[in-house]
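Okay, structure first, notes after.
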Amino acid sequence: MKRLPLAAALSVAFATAGLATNAAAQPVSSAHDAAETDQLLQQEERVDNFYRAYFPDLDTGHKAAITFHGQLLESNWKGGYLVLQLDEQDIVKLKAFKFRVVKDQAFIAKHDAMVKRLRAAGSPNILGASGARLAARSLESGESIPNYPCYETVEETFAAAKGFTTTYPKLAAWTPVGKSWEKDQGLGGYDMAVLKLTNKNTTGPNGEPKPKLFVNSGLHAREYATAPLMLAFARQLLTGYGKDADSTWILDHHEVHLMLQTNPDGRKKAEGGLLWRKNTNRDYCGANSNSRGADLNRNFTYTWNITHGQGSSGNPCAETYRGPSPHSEPETQAVEDYARSIWADRRGPNQNDPAPADTSGIHLDVHSYSELVLWPWGHVKQVAPNGVAMQTLGRKLAWFNGYTPEQGIGLYPTDGTSDDVTYGELGVAAMTFEIGTSFFQSCSSYESTIKPKNLPALVYMAKVLRTPYLTPAGPDVTKLRLSTNGVPAGTPVTLTATATDTRFNNSKGTEPTQNIAGVEAYIDVPPWMPGATPLVLGPKDGSFNSKTEVASTTLSTTGLSQGKHLVFVRGKDAAGNLGAVSAVFLKIK
């Protein structure tokens, strides 16, 4: 039986279930819950199969991080190794790819010390005053998870999402979409829900549905940073509405759907310090085992067990246990059913059938860690029918966050994953982010690196939902400037824009780029809406003949009403690719 350890980075943690200041979800932890946590920690004390796997080259290291994601504990790309929990079969597999595998005595020592510290800290329901004092200090300091104040608990995540619907009733909705396993079994648990962000008073062209971004985060419970990142993305869009031009037009013309906690039962275990990956289904591996549950990211329908054991495990105690049948877990059902409810099937029944190039929408599954941007397929090395277009999108997104973009197959295949369902079944462009370098990422790293790197990538993703197989190939508008603002109607205003076709991450292959061929602007009515009228910007240097150009035009403000007006700008390259729209507010007083 394989048991995973506690995160080496976790310096103070204990059974925190129910200690959140918001009590809208589960009740305060019972003595039974605390006793169970202590029992699981006792199991951890017997674990010592931790190894450093030195990779022969960086590319092979990245592939190993994909294949052995369930065993991955730390990554040290500069040091040339991964820290993994391995059995003998895993070691044989790695050595076949020329990995040097050695016992990691330093990690073992940290792990042993951490387990002892966690048991000593205990829970207020087990160890009395000392645990209670620790809990009280956590609550008084406003920390969500002890020593991780930047990360919201499950309860706080849901409370924040519900709060958005009160503060921004025209922009946000909180929709129940299913139940967690424990909720479904009457054992506490959580109602699962999606936070939908869009201007409820607008529609697509001629009343058509708006393009949609669907993001699920927290599918693997121990990946602390994923749900907070998406909550921060929601907060940025909502607080920016009416103030930031891009946030405003995205919510006016697109929809963002966020399943923030996709594995809330497991996440609650992880908040107590356990390195929990799967859901908490007690039917698998024993009701009291810390290896119980199903790996939700091996339980999706389209490629479930398609590799006959290579890409997932049939052992209920394994970290990649796929479940007894496809779509068997309520959390997986919630994701699949919701995706089918918002998108029509636009791909044929055969693996080589492409979705039409104008297919709208993107599905993003956010994980940690490894600093990767991935796309289908993950079960075969073959390029997906829309794989070249997803590669272009992936390289563009990786330009923003600096991660390595590559197809989602490692040393060995994976199957039953979430992105294979949305792309494989429905034809929707599907991406996976592996953010950061640790499961329990420190708050300093999260605030200084993960958020500032990934929020711009998410904004770009939200911009290109209308045609994600086409738009990322086009140039980006990187700078927009008005010569003056806050002017009376009738005052000429000069608009200056910089367009570039160079913003791709070429660390895994080179994306084709072209010279800029044109830049155009639209006032109030974006280019995809009826009645849109383009205003041509001319090159500042006299001709469009390079991959980055500055262009300008004079905007007529005659007849514009008082208030803010959106000016939409996009570029076009020499291959005819139209890039993402960027916008600026023009103010008339």
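The values are calculated or read from the model by the stated rules, or taken from the named source; none is laboratory data. Note that the coordinates shown come from a computational prediction; the quantities given were computed from them, not determined experimentally. We place every Cβ from the backbone using ideal geometry, glycine too, and count neighbours over all the protein chains shown. Surface areas here come from the heavy atoms of the whole protein model, side chains and all, with no ligands, DNA or RNA. Shrake-Rupley method; radii C 1.70, N 1.55, O 1.52, S 1.80 Å.
For the range 430-445, name all the residues that are open to solvent by less than 10 Å² (accessible area, probe 1.4 Å) and under 14 Å from the mean Cα position of the chain (by Cα).
Ala430, Met431, Phe433, Ile435, Gly436, Phe439
Do the conditions hold for Lys547, that is, is it of a type in the set (Lys, Arg) and open to solvent by 60 Å² or more (accessible area, probe 1.4 Å)? Step through it out loud before you land on a result.
Numbers: of a type in the set (Lys, Arg): yes; open to solvent by 60 Å² or more (accessible area, probe 1.4 Å): yes.
For Lys547, the condition - of a type in the set (Lys, Arg) and open to solvent by 60 Å² or more (accessible area, probe 1.4 Å) - is met.
Taking into account only those residues within the range 54-69 that are open to solvent by less than 50 Å² (accessible area, probe 1.4 Å) and assigned to a helix (DSSP H, G or I), which is nearest to Tyr321 (Cα to Cα)?
So the first thing to find is which residues in the range 54-69 are open to solvent by less than 50 Å² (accessible area, probe 1.4 Å), and the list is 55, 60-62, 64-69.
Imposing the further condition that a residue be assigned to a helix (DSSP H, G or I) reduces the set to 60-62, 64-67.
Details: Thr60: 24, Gly61: 23, His62: 22, Ala64: 18, Ala65: 18, Ile66: 16, Thr67: 14 Å.
Looking at residues that are open to solvent by less than 50 Å² (accessible area, probe 1.4 Å) and assigned to a helix (DSSP H, G or I), I get Thr67.
Leu374 - would you say it is assigned to a strand (DSSP E or B), of a type outside the set (D, E, K, R) and open to solvent by less than 20 Å² (accessible area, probe 1.4 Å)?
Here the answer is yes, as Leu374 does meet what is asked.
What number of residues in the range 508-526 are surrounded by fewer than 16 Cβ atoms within 10 Å (Cβ to Cβ) and under 19 Å from Gly474 (Cα atoms)?
3
Where in the range 418-505 are the strands (runs of 3 or more DSSP E), entirely inside, with at least 3 residues that are out of contact with any Ser or Thr (no Cβ under 7 Å at 6 or more places or on another chain) and under 25 Å from Gln382 (Cα atoms)?
On the way: elements: 429-434, 476-482, 493-500.
Those strands (runs of 3 or more DSSP E) span 429-434.
Right, Thr248: more than 24 Å from Thr437 (Cα to Cα), surrounded by fewer than 24 Cβ atoms within 10 Å (Cβ to Cβ), of a type in the set (S, T, N, Q) and touching a Phe, Trp or Tyr at 6+ places or on another chain (Cβ under 6 Å) or not? I'd like the intermediate steps shown before the answer.
Details: more than 24 Å from Thr437 (Cα to Cα): yes; surrounded by fewer than 24 Cβ atoms within 10 Å (Cβ to Cβ): yes; of a type in the set (S, T, N, Q): yes; touching a Phe, Trp or Tyr at 6+ places or on another chain (Cβ under 6 Å): yes.
Criteria met by Thr248.
Which one of these does Trp377 not meet: (1) touching a Pro at 6+ places or on another chain (Cβ under 9 Å); (2) on the phi > 0 side of the Ramachandran plot?
(2)
Please work out if Gly311 is in a loop (DSSP other than H, G, I, E, B) and at positive phi. Write out each step before concluding.
Details: in a loop (DSSP other than H, G, I, E, B): yes; at positive phi: no.
In short, no.
I want to confirm something. Restricting to the range 561-584 and keeping residues that are of a type in the set (Val, Ile, Thr) and assigned to a strand (DSSP E or B), which single residue is nearest to Thr513 (Cα to Cα)?
As a first pass, look at the range 561-584 and keep what is of a type in the set (Val, Ile, Thr): 567, 569, 581, 584.
Now restrict to residues that are assigned to a strand (DSSP E or B): 567, 569, 584.
Details: Val567: 26, Val569: 20, Val584: 26 Å.
Residue satisfying both the conditions and the ranking: Val569.
Can Val92 be described as part of a helix (DSSP H, G or I), surrounded by fewer than 20 Cβ atoms within 10 Å (Cβ to Cβ) and either under 22 Å from the mean Cα position of the chain (by Cα) or at negative phi (or both)? Step through it out loud before you land on a result.
Working: part of a helix (DSSP H, G or I): yes; surrounded by fewer than 20 Cβ atoms within 10 Å (Cβ to Cβ): yes; either under 22 Å from the mean Cα position of the chain (by Cα) or at negative phi (or both): yes.
So Val92 passes the test.
Can you tell me which residue is nearest to Pro468 (Cα to Cα) among those in the range 554-587 that are open to solvent by 10 Å² or more (accessible area, probe 1.4 Å), in contact with a Ser or Thr (Cβ under 8 Å, 6 or more places away or on another chain) and aliphatic (A, V, I, L, M)?
Going through the qualifying residues, I end up with Leu578.
Which condition number does Ala318 fail, the rest of (1) assigned to a loop (DSSP other than H, G, I, E, B); (2) open to solvent by less than 20 Å² (accessible area, probe 1.4 Å); (3) touching a Leu at 6+ places or on another chain (Cβ under 9 Å) being met?
All conditions pass for Ala318, except number (3).
Return the total of residues in the range 251-281 being out of contact with any Gly (no Cβ under 8 Å at 6 or more places or on another chain) and farther than 16 Å from Gln333 by Cβ. Working first, answer last.
Of all residues in the range 251-281, those out of contact with any Gly (no Cβ under 8 Å at 6 or more places or on another chain) come to 251-252, 254-259, 268-275.
Okay, now just the ones that are also farther than 16 Å from Gln333 by Cβ, so 251-252, 254-258, 268-275.
Adding up the residues that qualify gives 15.
Could you tell me whether the range 151-167 includes any residue that is in contact with a Cys (Cβ under 7 Å, 6 or more places away or on another chain), crowded, with 19+ Cβ neighbours inside 10 Å and hydrophobic (A, V, I, L, M, F, W, C)?
First, the residues of the range 151-167 that are in contact with a Cys (Cβ under 7 Å, 6 or more places away or on another chain): none.
No; the residues of the range 151-167 include none that is in contact with a Cys (Cβ under 7 Å, 6 or more places away or on another chain), crowded, with 19+ Cβ neighbours inside 10 Å and hydrophobic (A, V, I, L, M, F, W, C).
When the residues of the range 19-44 are filtered to those that are more than 21 Å from Arg282 (Cβ to Cβ) and within 27 Å of the chain's Cα centre (by Cα), which remaining residue is modelled with the highest pLDDT? Give the derivation first.
Step one: filter the range 19-44 for residues more than 21 Å from Arg282 (Cβ to Cβ), giving 19-24, 28.
From what is left, the residues that are within 27 Å of the chain's Cα centre (by Cα) are 19-24.
Details: Leu19: 27, Ala20: 30, Thr21: 29, Asn22: 33, Ala23: 32, Ala24: 38.
Per the criteria, the residue is Ala24.
Does Gln261 qualify as being open to solvent by 10 Å² or more (accessible area, probe 1.4 Å) and modelled with pLDDT of 95 or more? Full working, then the answer.
On the way: open to solvent by 10 Å² or more (accessible area, probe 1.4 Å): no; modelled with pLDDT of 95 or more: yes.
No: the conditions fail for Gln261.
Could you give me the residue pairs with C-beta distances under 8 Å whose first residue belongs to the range 207-227 and is within 27 Å of Gly70 (Cα to Cα), whose second residue is β-branched (Val, Ile, Thr) and open to solvent by 10 Å² or more (accessible area, probe 1.4 Å) wherever it lies, and which are 6+ apart or on separate chains?
Phe214/Ile342
Conditions first: (1) surrounded by fewer than 20 Cβ atoms within 10 Å (Cβ to Cβ); (2) closer than 25 Å to Ile409 by Cα; (3) touching a Ser or Thr at 6+ places or on another chain (Cβ under 6 Å). Leu296 passes all but one, so which condition is the exception?
Of the numbered conditions (1) surrounded by fewer than 20 Cβ atoms within 10 Å (Cβ to Cβ); (2) closer than 25 Å to Ile409 by Cα; (3) touching a Ser or Thr at 6+ places or on another chain (Cβ under 6 Å), the odd one out for Leu296 is (1).
Being part of a loop (DSSP other than H, G, I, E, B), open to solvent by 10 Å² or more (accessible area, probe 1.4 Å) and in contact (Cβ under 8 Å) with a residue 60 or more places away in the chain is the filter here; which residues of the range 380-407 pass it? Walk me through it before giving the result.
Step one: of the range 380-407, the residues part of a loop (DSSP other than H, G, I, E, B) are 380-386, 402-403.
Next, only the ones that are open to solvent by 10 Å² or more (accessible area, probe 1.4 Å) stay: 380-383, 385-386, 402.
Answer for the range 380-407, where residues must be part of a loop (DSSP other than H, G, I, E, B), open to solvent by 10 Å² or more (accessible area, probe 1.4 Å) and in contact (Cβ under 8 Å) with a residue 60 or more places away in the chain: Asn386, Gly402.
Suppose we keep only residues that are open to solvent by 70 Å² or more (accessible area, probe 1.4 Å) and in contact with a Ser or Thr (Cβ under 9 Å, 6 or more places away or on another chain) within the range 170-195. Which one would you say is farthest from Leu251 (Cα to Cα)? Break it down into steps so the answer makes sense when it comes.
Taking the range 170-195 first, the residues open to solvent by 70 Å² or more (accessible area, probe 1.4 Å) are 170, 176, 179, 183-185, 187, 191.
Right, trim to in contact with a Ser or Thr (Cβ under 9 Å, 6 or more places away or on another chain) and you get 187, 191.
Working: Leu187: 38, Asp191: 26 Å.
Ranking the qualifying residues of the range 170-195, first place goes to Leu187.
For (1) at pLDDT 95 or above; (2) not hydrophobic (A, V, I, L, M, F, W, C), each residue gets a yes or a no:
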{"residue": "Gly410", "(1), (2)": "no, yes"}
{"residue": "Thr422", "(1), (2)": "yes, yes"}
{"residue": "Leu426", "(1), (2)": "yes, no"}
{"residue": "Thr432", "(1), (2)": "yes, yes"}
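Does Leu213 satisfy the condition of being in a strand (DSSP E or B) and buried (at least 20 other Cβ atoms within 10 Å of the Cβ)?
Details: in a strand (DSSP E or B): yes; buried (at least 20 other Cβ atoms within 10 Å of the Cβ): yes.
Spelling it out, Leu213 is indeed in a strand (DSSP E or B) and buried (at least 20 other Cβ atoms within 10 Å of the Cβ).
Please state which one of Ala462, Ala499 is open to solvent by less than 30 Å² (accessible area, probe 1.4 Å) and under 21 Å from the mean Cα position of the chain (by Cα).
Numbers: Ala499 fails: under 21 Å from the mean Cα position of the chain (by Cα).
Ala462 is the lone residue from the list that is open to solvent by less than 30 Å² (accessible area, probe 1.4 Å) and under 21 Å from the mean Cα position of the chain (by Cα).
So how many residues does the range 512-560 have that are among the polar types (S, T, N, Q), in a loop (DSSP other than H, G, I, E, B) and in contact (Cβ under 8 Å) with a residue 12 or more places away in the chain? Spell out the reasoning first.
First pass over the range 512-560, keeping only residues among the polar types (S, T, N, Q): 513-515, 533, 543, 545-546, 548, 552-554, 556-558.
Now narrow it down to the ones that are in a loop (DSSP other than H, G, I, E, B): 513-515, 533, 543, 545-546, 556-558.
Cutting the leftovers down to in contact (Cβ under 8 Å) with a residue 12 or more places away in the chain gives us 513-515, 545-546, 556-558.
Residues flagged as among the polar types (S, T, N, Q), in a loop (DSSP other than H, G, I, E, B) and in contact (Cβ under 8 Å) with a residue 12 or more places away in the chain within the range 512-560 amount to 8.
Determine, yes or no, whether Lys396 is within 14 Å of the chain's Cα centre (by Cα) and of a type outside the set (Gly, Ala, Ser). Give the derivation first.
Numbers: within 14 Å of the chain's Cα centre (by Cα): no; of a type outside the set (Gly, Ala, Ser): yes.
It is false that Lys396 is within 14 Å of the chain's Cα centre (by Cα) and of a type outside the set (Gly, Ala, Ser).
Give me the pairs: first residue in the range 45-63 and under 30 Å from Ala120 (Cβ atoms) and modelled with pLDDT of 90 or more, second residue among the hydroxyl-bearing types (Ser, Thr, Tyr) and assigned to a strand (DSSP E or B), beta-carbon distance under 7 Å, and six or more apart or on different chains, which are they?
Arg52/Tyr81
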